[in-house]
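Participant: Structure provided below as structure tokens; questions to follow.
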Amino acid sequence: MFRTENALILREVRFRESDRILTAMTPGLGKVTLAAHGALSKKSRIAAGTQQLTWSELTLFEKDGRYSVREAVTREAFPGLRRELENLALGSYIAECLELFSTEGQPEPELLQLGLNSLYALSEGLAPREKIKAAFELRLTAMEGYAPAVEVCAVCGRKEIRSPVFLQDDGVAVCRDCLREERRFLPFTSGALEAMRRVLQAPPKRFLSFGLDGEDLARLSSVSEAWLLHCAGREIPSLEYYKKL
Ligand SMILES: [Zn+2]
């Protein structure tokens, strides 16, 4: 049976002489594995549309619950990702996070939209990389049910958190003076804290609508990354690569 699906290609693995096995995220099927037969041969018409980090309209053929790609029309190739190595590395990290946090066969339209918006912002240079990365990480954890609790100090309950720090094992912000026991924490700033609140509350298309730079952005960045890694529960190879660049 044939069906049409838009798909964000998260990962491609070479298989046999000229085939690709894809991991893709789609509105209708959620995360799905697709076979792209002949995609690596020179004359293939599905080569471009089945590349990693491409948003494509795919014609799929389903048999016994397995899908293969029969046609692929590229809708968005995110050319800016391929122009700079840092962009490509961060794009790959975004794709790896989407794969890691999504569930096979379960449509997650908000998560897919966050991925597309982040890749588009990165490709078009709509915001600095560190800002896109931090906002993506925060929104992703929140969507998956792990929103950090930063509205008030987790100890004293005040909205105005004095000399804020972030407890990376709990995902909460507290005042430096409220921290009595020995706990692992990351230094924070009031500016970074305010930006984090805005990112978490913003409507989907405005998740990058916050101004932040210098130390504030550096703090937001390290806190967001630490929290995402805590939620993931493991190292993420593409992040290691991105950070080496
Ligand atoms: Zn407090």
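Participant: Using a 10 angstrom cutoff on alpha carbons, build the Gaussian network for the chain and name the most mobile of Leu126, Leu53, Leu111.
Facilitator: Leu126
Participant: For every helix of n ≥ 4 consecutive DSSP H residues, a contribution of -39,500 (n - 2.57) applies; sum these over the chain, divide by its total residues, and give [θ] at 222 nm rounded to the nearest 500 deg cm²/dmol.
Facilitator: -12000 deg cm²/dmol
Participant: Helix 109-124 versus the longest principal axis of the chain: what angle, 0 to 90°, nearest 10, using Cα atoms?
Facilitator: Relative to the chain, helix 109-124 is tipped by roughly 90 degrees.
Participant: If you average 1/r over all unlike Cα pairs in the chain and invert the result, what Kirkwood radius do you get in angstrom?
Facilitator: By the Kirkwood definition, the hydrodynamic radius is 19.1 Å.
Participant: For Lys205 and Lys43 in the same chain, what is the full-extension length gain: residue separation times 0.36 nm, less their Cα-Cα distance, in nm?
Facilitator: Going from the current span to full extension adds 54.5 nm.
Participant: While we're on this one: By how many degrees, between 0 and 90 and to the nearest 10, does the Cα long axis of helix 214-232 differ from the longest principal axis of the chain?
Facilitator: 60
Participant: Relative to the compact globular guide of 2.2 N^0.38 Å, what is the alpha carbon radius of gyration of the range 8-108, as a ratio?
Facilitator: Working: Rg = 13.1 Å, N = 101, 2.2 N^0.38 = 12.7 Å.
Dividing the Cα Rg of the range 8-108 by 2.2 N^0.38 Å gives 1.03.
Participant: Just how large is the dipole of the chain about the Cα centre, in debye to the nearest 20, putting +1 at every Lys and Arg Cβ and -1 at every Asp and Glu Cβ? Display every interim value, and only then the final one.
Facilitator: Details: 34 positive and 34 negative charges, 102 e Å.
Magnitude of the dipole: close to 480 debye.
Participant: Translational diffusion coefficient, Stokes-Einstein: compute it for the range 165-245 using the Kirkwood radius over C-alpha pairs as Rh, at 25 °C and 0.890 mPa s, and state it as an integer in µm² s⁻¹. Write out the running numbers ahead of the final one.
Facilitator: Working: Rh = 13.9 Å.
Estimated diffusion coefficient is 176 µm²/s.
Participant: Sticking with this structure for a sec: In nm, what is the difference between 0.36 nm times the number of residues separating Ser238 and Tyr120 and their Cα-Cα distance?
Facilitator: Working: separation 118, 0.36 × 118 = 42.48 nm, distance 1.87 nm.
That pair, Ser238 and Tyr120, stretches by 40.6 nm at full extension.
Participant: In the Gaussian network model of the chain, springs joining C-alpha atoms below 10 Å, which of Gly65, Gly211, Gly105 carries the largest mean-square fluctuation?
Facilitator: Its mean-square fluctuation being the largest, the pick is Gly65.
Participant: Tell me, what is the percent relative contact order of the chain, built from C-alpha pairs under 8 Å that lie six or more residues apart?
Facilitator: Dividing the mean separation by the residue count of the chain yields 15 percent.
Participant: Which loop-located GluC sites (Glu not before Pro) does the range 1-83 contain, where loop means any DSSP state but H, G, I, E or B and the Cβ has at most 13 other Cβ atoms within 10 Å? Could the numbers behind the result be given before it?
Facilitator: Working: sites: Glu5, Glu12, Glu17, Glu57, Glu62, Glu71, Glu76; in loops: Glu17.
Answer in residue order: Glu17.
Participant: Provide the gained length on full extension for the span Ile21 to Ala77, in nm with one decimal, where the gain is 0.36 nm per separating residue minus the Cα-Cα distance. Don't skip to the answer; put the middle values down first.
Facilitator: Values: separation 56, 0.36 × 56 = 20.16 nm, distance 1.87 nm.
Full-extension gain reported as 18.3 nm.
Read-outs throughout are calculated quantities, based only on the coordinates presented, and are distinct from any laboratory measurement. Keep in mind that what you see is a predicted model, and the values were worked out from it rather than measured. Using ideal geometry, Cβ is built from the backbone for each residue, glycine included, and neighbour counts are taken over all protein chains shown.
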